[in-house]
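The values are calculated or read from the model by the stated rules, or taken from the named source; none is laboratory data. Nothing here was measured: the structure is a model prediction, and the numbers come from that model. Glycine gets a Cβ as well: all are built from the backbone with ideal geometry, and neighbour counts include every protein chain shown.
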Amino acid sequence: MKPARFSYHLPATVDEAVALLAKLAPDDGRIIAGGQSLVPTMAFRMAQPPHLIDINGIAELNRIDVEGDIVRIGAGVRHAAFEAAGAVPGVTGVWLGQVVRHIAHYPIRTRGTFCGSVANADPASEWCCVVAALDGRVVAESASGTRRIAAADYFEGVMATSRRDDELVTAVELPLLPDGTRCGFAEFSRRPGDFAIAMAMTAYRLVDDLIVEARIAIGGAEPFPRRIAEAEAALNGQPPTAAVFAEVAAIAAAAVDPMEDSNNTADYRRSLVRAMTLRALEAAA
């Protein structure tokens, strides 16, 4: 099928884009950057927005900037940007480089955007899980001003967030992990490139051979990604041993409330959470 008729708008600045969104959002006007989620739904006419606001011409959104210990990822930055060594400094950049290879297929990574994935908020989004794991902030701009929304306040459900319809996600801000942080990631999908059924992200440091500053985030299994406080508490202060990792993985699995669908039961997703958490912890070690 082909999309329904729509009007196309190409702003040159963020201010122009925000002004257009303020005017057109009440009429289901949409932002488009990579379009890897929106365009397929338009092709099947599951979405029929009468207006598209293309932000690809806004140069300031196509940048990754580091300010102190924060990396700011602009709304036009493609997934594939993180495959390049040094795109983001330090261990955070290495971690993102590992995660990005699990996102769909290479042609999609060259077009889809980091912020578009976060704005869409699919439970299976790797970048959404990254934002949750790192306690990132979503920068949302509207005619009323700018909001920086913490990850814990941003994700609300399956493709549901606290972003208002008239707000443009202009960037996502992530804290840079300290040197010496050990990071791991694991996800399960039916085939390479398919949506993840469950994923786990882990990070921690060692002080006197004991784990500190543990981060464990789960995505894909629940309606939105989140850190698992119970598992993090069980990991902190422990040595990085197989027995500890197995116990923490079991705690993470018990803490989630998995979704069910026609192909995956809640028990199956829970078992995947356990397996992916264990693999991510082992990868970090």
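For the structure I just gave you, tell me whether ALA25 is part of a helix (DSSP H, G or I), of a type in the set (A, V, I, L, M, F, W, C), more than 15 Å from GLY112 (Cβ to Cβ) and in contact (Cβ under 8 Å) with a residue 12 or more places away in the chain. Considered against the rule, which asks whether it is part of a helix (DSSP H, G or I), of a type in the set (A, V, I, L, M, F, W, C), more than 15 Å from GLY112 (Cβ to Cβ) and in contact (Cβ under 8 Å) with a residue 12 or more places away in the chain, ALA25 comes out as yes. Restricting attention to region 261-282, does a residue exist that is surrounded by fewer than 16 Cβ atoms within 10 Å (Cβ to Cβ), touching a strand residue (DSSP E or B) at 6+ places or on another chain (Cβ under 6 Å) and either closer than 19 Å to ASP135 by Cα or hydrophobic (A, V, I, L, M, F, W, C) (or both)? For region 261-282, residues surrounded by fewer than 16 Cβ atoms within 10 Å (Cβ to Cβ), touching a strand residue (DSSP E or B) at 6+ places or on another chain (Cβ under 6 Å) and either closer than 19 Å to ASP135 by Cα or hydrophobic (A, V, I, L, M, F, W, C) (or both): absent. Only residues that are in the same structural domain as THR92 (by TED's automatic domain parsing), crowded, with 21+ Cβ neighbours inside 10 Å and acidic (Asp, Glu) were counted in region 156-189, giving 1. Filter region 182-213 down to the residues that are outside any strand (DSSP E or B), more than 23 Å from ALA250 (Cα to Cα) and at pLDDT 95 or above and list them by number. Passing the criteria: only ASP208. Filter region 190-211 down to residues that are more than 27 Å from ILE108 (Cβ to Cβ) and of a type in the set (A, V, I, L, M, F, W, C) and give me whichever is surrounded by the fewest Cβ atoms within 10 Å (Cβ to Cβ). Top of the filtered list is VAL207.
The numbered conditions (1) modelled with pLDDT of 95 or more; (2) of a type outside the set (Phe, Trp, Tyr); (3) at positive phi are all true for GLY86 except (1). Counting only helices (runs of 4 or more DSSP H) wholly contained in region 90-155, the ones carrying 2 or more residues that are surrounded by fewer than 22 Cβ atoms within 10 Å (Cβ to Cβ) and more than 9 Å from the chain's Cα centre (by Cα) occupy 90-100, 106-109, 151-154.
Table: residues versus (1) crowded, with 19+ Cβ neighbours inside 10 Å; (2) outside the structural domain of GLY112 (by TED's automatic domain parsing); (3) of a type outside the set (Phe, Trp, Tyr).
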{"position": "TYR8", "(1), (2), (3)": "no, yes, no"}
{"position": "VAL39", "(1), (2), (3)": "no, yes, yes"}
{"position": "MET42", "(1), (2), (3)": "yes, yes, yes"}
{"position": "LEU52", "(1), (2), (3)": "yes, yes, yes"}
{"position": "ILE55", "(1), (2), (3)": "yes, yes, yes"}
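From the list PHE224, PHE245, the one residue that fits, being closer than 13 Å to ALA198 by Cα and touching a helix residue (DSSP H, G or I) at 6+ places or on another chain (Cβ under 9 Å), is PHE224. The condition of being of a type outside the set (Lys, Arg) and either surrounded by fewer than 18 Cβ atoms within 10 Å (Cβ to Cβ) or assigned to a helix (DSSP H, G or I) (or both) holds for only one of VAL71, VAL18, that being VAL18. Suppose the filter is buried (at least 17 other Cβ atoms within 10 Å of the Cβ), in contact (Cβ under 8 Å) with a residue 24 or more places away in the chain, assigned by TED's automatic domain parsing to the domain that holds ASP208 and not aliphatic (A, V, I, L, M); does PRO239 pass it? Considered against the rule, which asks whether it is buried (at least 17 other Cβ atoms within 10 Å of the Cβ), in contact (Cβ under 8 Å) with a residue 24 or more places away in the chain, assigned by TED's automatic domain parsing to the domain that holds ASP208 and not aliphatic (A, V, I, L, M), PRO239 comes out as no.
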